[in-house]
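In what follows, a structure is listed as structure tokens, so that the remarks can point back to it.
The values are calculated or read from the model by the stated rules, or taken from the named source; none is laboratory data. Given the structure is predicted, the values throughout are model-derived calculations rather than measurements. Cβ placement follows ideal geometry from the backbone for every residue including glycine, while neighbour counts extend to all protein chains displayed.
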DNA sequence: CGGCATCCGTGACGATACTG
DNA sequence: CAGTATCGTCACGGATGCCG
């Protein structure tokens, strides 16, 4: 929570007291992809100034959303990692992603792009398709790789390729967006050769059906 | 969208470009309760300055989230009303409310209170209970009244009493919060005399069961 | 009187430079 | 590498004034 509060006895205002400031939710979006170093965060958040990033990270720590941890035992480098409370913001980011996806049609030349920024909306789209099946789906784009996790503790995602994916999707970012928007069914994309779907097992089968 | 953008090709960032600025989502929360005049908004949002409120309302209009409409035909007073796009932010506010409710335990002396600020979290709690039943639930607190709508177009809420509620709840704000948090079942509150539940029909029956 | 616009002081933000 | 220090700019909050 910043030192400025809305001073309202309202759960929405309370939430915004903590994560309503500029850059806060985007930092959480980065940390949802896994532990990150300060420099990684600064690299993947073009435009954020170093002092604001440092200040937000302190706020996240103080409010119990993230912890600062040594990367290796007795090493000098630190990583920031979300606590369960911080990971609880995934539904908030998912709702924002759902609402914001229609505004994603035009890609402005000034826009930065990272592969895992597509993880949340794709997770939203695929979650109803997986049903009860659990596992990991690796996604390979030209711009980079990320993976989606479906397990009993709820959905999640991470940056980089998955270690042992139960299914693997290879597609372009544009195709990924079509799937996200619902204008392209996964099965149809596979049939048309625009999506490569690898893997066997119930999770891959469930994806191939839809 | 303010004149400052995150410049990221990401649906979350796009959403925050539009509604990420201070007060924006709280203005939307007010407008979700129904059309509001400028003065009403200013009265129910303690702390917002007049120019920021005017600026945010212009932004909401320009971005297609709200429209400015004459209250009466050929009258001098205007009201601001959400468009469908603006009402589409209810899931975002609901997710924020879910996440923020645990932080609502302590009520600080500086906190402002409005009855309908409890509408979103209560709506979230009651929505799974109503099942397929549609209708309106009037809620009467000491601090004021609001009502919840359950119909095929999705859940919603409004300020003030309902015209013809299918069910009516009378309870204290503290009791309402217990229900919201899930620490008090509706049926148990009724049995203990802390909640008065009036009304007949499937919606009232569905609420009485749980 | 409702609906802003203007002015001003303060604090947040963004860019760059610098340090342990 | 991981921040802190500095500084100019802009956004915010409060008060006041204008205008229908």
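So for region B:82-104 (the condition being on the phi < 0 side of the Ramachandran plot and within 16 Å of DNA strand C (Cβ to nearest atom)), does at least one residue qualify? Yes, the conditions are met somewhere in region B:82-104.
Which ones in region B:28-41 are away from chain A (no Cβ under 14 Å) and either within 13 Å of DNA strand C (Cβ to nearest atom) or farther than 10 Å from residue B:82 by Cβ (or both)? I'd like the intermediate steps shown before the answer.
Initially, region B:28-41 is screened for residues away from chain A (no Cβ under 14 Å), giving B:34-40.
Answer for region B:28-41, where residues must be away from chain A (no Cβ under 14 Å) and either within 13 Å of DNA strand C (Cβ to nearest atom) or farther than 10 Å from residue B:82 by Cβ (or both): B:35, B:36, B:37, B:38, B:39, B:40.
Every test in (1) modelled with pLDDT under 95; (2) surrounded by 14 or more Cβ atoms within 10 Å (Cβ to Cβ); (3) within 14 Å of chain A (Cβ to nearest Cβ) is passed by residue B:130 save one, and that test is (3). Within region B:91-117, the set of residues being more than 8 Å from chain A (Cβ to nearest Cβ) and surrounded by 24 or more Cβ atoms within 10 Å (Cβ to Cβ) comprises just one member, B:116.
Within region A:186-202, residues that are loosely packed, with under 11 Cβ neighbours inside 10 Å reach partners that are assigned to a loop (DSSP other than H, G, I, E, B) with beta carbons closer than 9 Å, at six or more positions or on different chains, in the pairs A:192/A:184; A:200/A:166.
Show me the strands (runs of 3 or more DSSP E) found entirely inside region B:31-146 where at least 2 residues are within 18 Å of the chain's Cα centre (by Cα) and within 23 Å of residue A:95 (Cβ to Cβ). Break it down stepwise before answering.
Details: elements: B:66-70, B:78-82, B:135-141.
So the answer is B:78-82.
Taking the criterion of being surrounded by 18 or more Cβ atoms within 10 Å (Cβ to Cβ), free of Cβ contacts under 8 Å to residues at least 24 places away in the same chain and assigned to a loop (DSSP other than H, G, I, E, B), the residues of region A:1-30 that qualify are A:6, A:9, A:10, A:20. The set of residues from region A:65-85 being within 21 Å of residue A:55 (Cβ to Cβ) and surrounded by fewer than 21 Cβ atoms within 10 Å (Cβ to Cβ) comprises A:67, A:68, A:69, A:77, A:78, A:79, A:81, A:83, A:85.
Taking residue A:44 as the residue in question, decide whether it is within 16 Å of DNA strand C (Cβ to nearest atom), in contact with a helix residue (DSSP H, G or I) (Cβ under 9 Å, 6 or more places away or on another chain) and over 21 Å from residue B:7 (Cβ atoms).
Working: within 16 Å of DNA strand C (Cβ to nearest atom): yes; in contact with a helix residue (DSSP H, G or I) (Cβ under 9 Å, 6 or more places away or on another chain): yes; over 21 Å from residue B:7 (Cβ atoms): no.
Criteria not met by residue A:44.
Cβ separations smaller than 6 Å between residues 6+ apart or across chains give the following pairs from region B:61-88 residues that are within 13 Å of chain A (Cβ to nearest Cβ) and touching a residue at least 60 places away in the same chain (Cβ under 8 Å) to residues that are within 16 Å of DNA strand D (Cβ to nearest atom) and outside any helix (DSSP H, G or I): B:63/B:1. Every condition in (1) out of contact with any helix residue (DSSP H, G or I) (no Cβ under 9 Å at 6 or more places or on another chain); (2) over 16 Å from residue A:181 (Cα atoms) is met by residue A:106 except one, and the failing one is (2).
Every residue in region A:31-43 that is crowded, with 20+ Cβ neighbours inside 10 Å and either within 12 Å of DNA strand D (Cβ to nearest atom) or more than 22 Å from residue B:18 (Cβ to Cβ) (or both), please.
Step one: list which residues in region A:31-43 are crowded, with 20+ Cβ neighbours inside 10 Å, which gives A:31-33, A:36, A:41.
Once the filter is applied, which keeps residues that are crowded, with 20+ Cβ neighbours inside 10 Å and either within 12 Å of DNA strand D (Cβ to nearest atom) or more than 22 Å from residue B:18 (Cβ to Cβ) (or both), region A:31-43 yields A:31, A:33, A:36, A:41.
Restricting attention to region B:44-60, which residues are under 22 Å from residue A:18 (Cα atoms) and surrounded by fewer than 19 Cβ atoms within 10 Å (Cβ to Cβ)? Of everything in region B:44-60, those that are under 22 Å from residue A:18 (Cα atoms) and surrounded by fewer than 19 Cβ atoms within 10 Å (Cβ to Cβ) turn out to be B:46, B:47, B:48, B:49, B:52, B:53.
For residue B:152, state whether it is surrounded by fewer than 17 Cβ atoms within 10 Å (Cβ to Cβ) and either at pLDDT 95 or above or within 14 Å of chain A (Cβ to nearest Cβ) (or both).
no
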